[in-house]
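Here is the structure we will look at.
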Amino acid sequence: MDGTQPYSQNVPPVRTCEDMEEGMHWGMDWQSGWFFGMHLAWWIFWVVFALAVWAVLARSAAPPGPKAESPLEVLQRRYAEGALTTTEYEERKAKLAETGRP
């Protein structure tokens, strides 16, 4: 032989643990900042998602607003309260009937 080690050409270089970790995680381990940035991004996503679900549920569970009274219902209510006399009530009711408004 010529003094070299046998099979030296087929042996890969020795790698350290640090080299192997960097290769496995592409430099994005928990110490690099990517871990905390992505962790924060997921927390923001889930908080916004939960708020959106809450808003949809709160809006759908809200009681409907008061129903708008028709002109005839307003007239009947005012007559019942005593704000109109019988003559005024009959006149206004006839006028509503002429215009076609119930």
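A short reminder: the numbers here are calculations on the coordinates, not readings from a lab. Since the structure is predicted, the reported quantities are computational estimates derived from the model, not experimental observations. As a convention, Cβ positions derive from the backbone with ideal geometry for all residues, glycine included, and neighbour counts pool all protein chains shown.
Key figures
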{"quantity": "In the stretch 47-99, GluC sites (Glu not before Pro) in a DSSP loop with at most 11 other beta-carbon atoms within 10 Å", "calculated": "Glu69"}
{"quantity": "Student exercise, the stretch 46-102 dipole from Lys, Arg, Asp, Glu Cβ charges, in Debye to nearest 20", "calculated": "220"}
{"quantity": "Per-residue Cβ neighbour rank within 10 angstrom, fewest leading, Lys95, Lys67", "calculated": "Lys67, Lys95"}
{"quantity": "Integer Hz, Karplus 6.51/-1.76/1.60 couplings in order for the stretch 64-77, x for Gly and Pro", "calculated": "x, x, x, 6, 6, 7, 6, x, 5, 5, 5, 4, 5, 5"}
